[in-house]
Amino acid sequence: MEIGDTKENIVIVGGGICGLATALALHRKGIRSVVLERSNALRATGAAIIVHPNGWRALDQLGVASHLRETAIPILSGQFHSVNNDELKEIPIAKEELRCLKRTDLIDILANSLPRNTLHFGCEVLSIKLDPITSSPVLQLQGGRLLNAKVVIGCDGVNSAISNMMGVRAEKIFTISVIRGFTSYPNGHELGSQFRITQKDGTRVGRLPMTENLVYWFITRNYTCPDSMASKTQKLVRNLALDSLESFPTSIIEMAKNCELDSLHLTEYLRFHAPWDILRRRFREGTVVLAGDAMHAMGPFLAQGGSACLEDAIVLARCLARTTHIDRNARGTKMQVEEAFDEYLKERKMRILRLSLQMYLIGEMLHASSQFVKFICIILLAVLFCDSNGHTRYDCGSL
């Protein structure tokens, strides 16, 4: 699409993991689309992405898994350490593939696998409405340009303009700050192939090996007012991380002190879709549909946000391609497209509901101030999710 064009068949809003994966999945099915990204270059917020076996199944379908496996070592075990009582215990992990990828590696391979002229930068969508005569989506872009589309897929994240238009924006908040970063170890790190979580009071530190010389780490803690000031520069983020690690083991403090400064990212609080919102809301309006965080933003407690986006892409492309008379230019009747989207949402809803509920219960168990609430969450997790790693065995199917 040239910037001056006013019509497109399939428009994907958002050039993050979900938007690029959806465009690539459609391309693998012979269906053309364009991706509108508001920034002027590819962005990879959050440093790294943990990919469980279900995510790797989706990446295999997209045809990019083999390349990505060369960039990260497999994680084979997990360990939890409580600093308060010096308790050590094993963390059960999925028996299948678990790796931690650089977000830039994933974003780059997805983007580079797309046909030319698919991805367009500097295209911020300000609003979207349905044409009163044709019911087709009309997007207003920055600069006053209008773009008519037959199909719009909102993959524009937790602050989605598309979900806001549909009235399904993520409104719930965990008052938790997350600091993320990388640390390089020229002579090798101590983790081997094990990820470790260390906790003291309400602060948790996670460390995951990416290669023999690179570790991804995160710190989760309750939000405090100074967090807003710290987000202004990465040096302040590092200082905040060091302040959070008082009385932690020396190796963890040194990890934060020696981090790659430009990798640091601070999330001041976590916005998410509550399970009951997933259950009751409608994520389609006409031929406009949502995917990824725009539909199911969730906290990091299961590390499934990115993999769920990849699953969305596979299922959406499969459903759209299966619809009668949808050719590579996405020509088909409005009713056929709506039926395809309804099929996609029906398949995804229960999966997303279970992920959202398990994430919510874990978040409340870890961070609720009431001991009674914590107890109820523990009971519900034991009853509803007795297999704590069951979410990793999900298979989104083939394209």
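Overview of values
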| quantity | calculated |
| --- | --- |
| Farthest toward positive dipole pole in the stretch 210-251 [+1 Lys/Arg, -1 Asp/Glu at C-beta], among Ser228, Ser244, Phe218 | Ser228 |
| Stokes-Einstein D for the stretch 31-166, Kirkwood Rh over Cα pairs, 4 °C, 1.567 mPa s (µm²/s) | 71 |
| Percent RCO, i.e. relative contact order, over the chain, from Cα pairs under 8 Å lying at least 6 residues apart | 22 |
| Residue with peak Gaussian network fluctuation, the chain [Cα springs, cutoff 10 Å], from Glu311, Glu364, Glu97 | Glu364 |
| Kirkwood Rh in Å, taken over the stretch 97-191 so that all alpha-carbon pairs contribute | 17.5 |
| Relative packing of peptides 333-345, 148-160 - highest average C-beta neighbours within 10 Å first | 148-160, 333-345 |
| In nm, spacing of pseudo-spin labels at Ser39 and Ile376 (7 Å Cα→C-beta vector) | 3.9 |
| Alpha-carbon Rg/Rh ratio, for the stretch 78-121, with Rh computed the Kirkwood way | 1.34 |
| Helix-only [θ]222 nm of the chain, DSSP H runs n ≥ 4, -39500 (n - 2.57) each, per residue, nearest 500 | -11000 deg cm²/dmol |
| Surface accessible to a 1.4 Å probe, per residue, for the residues of the stretch 1-87, Å² | 39 |
| Calculated over the stretch 259-399: convex hull of Cα atoms, volume per residue (Å³) | 158 |
| Accessible area of the stretch 266-399 belonging to carbon and sulfur atoms, whole % at 1.4 Å probe | 59 |
| Under 15 Å, Cβ to Cβ, from Pro186 - net charge with Lys/Arg +1 and Asp/Glu -1 | -4 |
| Surface share of carbon and sulfur [accessible, 1.4 angstrom probe, percent] for the stretch 1-131 | 44 |
| Per DSSP, loop trypsin sites (Lys or Arg not before Pro) in the stretch 201-241 with at most 13 further Cβ within 10 Å | Lys232 |
| Listed peptides 31-42, 72-83 by packing density, highest first (mean Cβ within 10 Å) | 31-42, 72-83 |
| Convex hull volume of the stretch 229-283 per residue (C-alpha atoms, cubic angstrom) | 140 |
| Whether the stretch 35-82 is rounded, prolate or oblate, judged on the alpha carbon gyration tensor where a/c under 1.5 counts as rounded | oblate |
| Paired Rg and Dmax values of the stretch 247-308, which use every Cα atom, in angstrom | 17.7, 56 |
| Spin-label pair Arg280/Lys29, simplified geometry with 7 Å Cα→Cβ offset, distance in nm | 3.1 |
| Set Lys7/Lys129; Lys95/Lys257; Lys7/Lys349; Lys129/Lys334; Lys102/Lys172 screened for pairs whose C-alpha atoms are more than 24 Å apart | Lys95/Lys257; Lys7/Lys349; Lys102/Lys172 |
| Normalised contact order of the stretch 78-189, rounded percent, pairs of Cα under 8 Å and 6 or more residues apart | 12 |
| Two-decimal Rg/Rh across the stretch 214-323, once Rg and the Kirkwood Rh are taken from alpha-carbon atoms | 1.11 |
| Check: the chain dipole with +1 on Lys, Arg Cβ and -1 on Asp, Glu Cβ, in debye | 740 |
| Ranked by how many other beta carbons lie within 10 Å on average, peptides 176-184, 195-203 from highest | 176-184, 195-203 |
| C-alpha long axis of helix 305-322 to longest principal axis of the chain, angle in ° | 20 |
| Per-selection Rg to Rh, the stretch 345-399 - Cα, Kirkwood hydrodynamic radius | 1.08 |
| Anisotropy class of the stretch 128-179 from Cα gyration tensor, a/c 1.5 cut | prolate |
| Amide hydrogen neighbours beyond the local backbone of Gly397, cut-off 5 Å, H modeled | none |
| Relative contact order computed over the stretch 1-127 (Cα-Cα under 8 Å; 6+ residues apart), in percent | 36 |
| Correct choice for volume of the Cα convex hull per residue in Å³ that was computed from the model, options [x] 164; [y] 175; [z] 140 | [z] |
| Set of aspartates and glutamates with alpha-carbon distance to Lys29 below 13 Å, sequence-local pairs under 8 removed | Asp327 |
| Isolated Cys in the chain, by beta carbon distance under 4.7 Å | Cys100, Cys123, Cys225, Cys259, Cys319, Cys377, Cys386, Cys396 |
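The values are calculated or read from the model by the stated rules, or taken from the named source; none is laboratory data. Note that the structure is a prediction, hence the values are computed from the model and not measured. Virtual Cβ from ideal backbone geometry, glycine too; neighbours counted across all protein chains shown. To get the accessible areas, we keep the full protein, side chains included, count just its heavy atoms, and leave off ligands, DNA and RNA. Shrake-Rupley method; radii C 1.70, N 1.55, O 1.52, S 1.80 Å.
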